[in-house]
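To start, the structure itself, in structure tokens.
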Amino acid sequence: MAMPAAEIEALIRAALPDAQVTITDLAGDGDHYAAHVVSAAFAGKPRIAQHKLVYAALGGRMGGELHALQLTTAVPN
């Protein structure tokens, strides 16, 4: 079952309210997305910890409703 991009964005924003989130559907199938997330919550954290925050926001949907997510994270300038 596919997951709408708007739902992915809403889940991330709920966990990281200051986040700037850009979602791109990579294959046009609602199953393969790229997400670019910018949040002050990432400051001082290594990339893996930043990614874990985003995956936690998705609440275990990775590998189920959400098949693939190419994730990039950044701290605001």
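The values are calculated or read from the model by the stated rules, or taken from the named source; none is laboratory data. This one's a predicted model, so the numbers in the text were calculated from it and none came from an experiment. Ideal geometry is used to build each Cβ from the backbone, glycine not excepted, and the neighbour counts take in all protein chains shown. These accessible areas exclude ligands, DNA and RNA; they are computed on the full protein's heavy atoms, side chains included. Shrake-Rupley method; radii C 1.70, N 1.55, O 1.52, S 1.80 Å.
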Of those in the range 52-77 that are in a loop (DSSP other than H, G, I, E, B) and over 19 Å from Ala2 (Cβ atoms), the residue farthest from the chain's Cα centre (by Cα) is Asn77
Among the residues of the range 9-46 satisfying the criterion of being touching a helix residue (DSSP H, G or I) at 6+ places or on another chain (Cβ under 9 Å) and β-branched (Val, Ile, Thr), which is farthest from Val75 (Cα to Cα)?
Thr24
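Condition check ((1) assigned to a loop (DSSP other than H, G, I, E, B); (2) modelled with pLDDT of 95 or more; (3) of a type in the set (Val, Ile, Thr)) across all residues:
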{"site": "Ala10", "(1), (2), (3)": "no, yes, no"}
{"site": "Ala14", "(1), (2), (3)": "no, yes, no"}
{"site": "Thr22", "(1), (2), (3)": "no, yes, yes"}
{"site": "Gly30", "(1), (2), (3)": "yes, no, no"}
{"site": "Val37", "(1), (2), (3)": "no, yes, yes"}
{"site": "Lys45", "(1), (2), (3)": "yes, yes, no"}
With the requirement that a residue be in contact (Cβ under 8 Å) with a residue 24 or more places away in the chain, in contact with a helix residue (DSSP H, G or I) (Cβ under 8 Å, 6 or more places away or on another chain) and not hydrophobic (A, V, I, L, M, F, W, C), what does the range 47-77 give you?
Gly59, Arg61, Thr73, Pro76
For the range 17-35 the number of residues that are exposed (fewer than 14 other Cβ atoms within 10 Å of the Cβ) and among the hydrophobic types (A, V, I, L, M, F, W, C) is 2
Would you confirm whether or not the range 36-51 contains a residue that is open to solvent by 70 Å² or more (accessible area, probe 1.4 Å), closer than 20 Å to Met3 by Cα and more than 9 Å from the chain's Cα centre (by Cα)?
no
Long-range neighbours under 7 Å by Cβ, at least six apart or interchain, first residue open to solvent by 70 Å² or more (accessible area, probe 1.4 Å) within the range 1-16, second assigned to a loop (DSSP other than H, G, I, E, B) and at pLDDT below 95:
Met1/Glu65; Pro4/Gly30
Only residues that are modelled with pLDDT of 95 or more and either touching a Pro at 6+ places or on another chain (Cβ under 6 Å) or open to solvent by 90 Å² or more (accessible area, probe 1.4 Å) (or both): list them for the range 56-69, please.
none
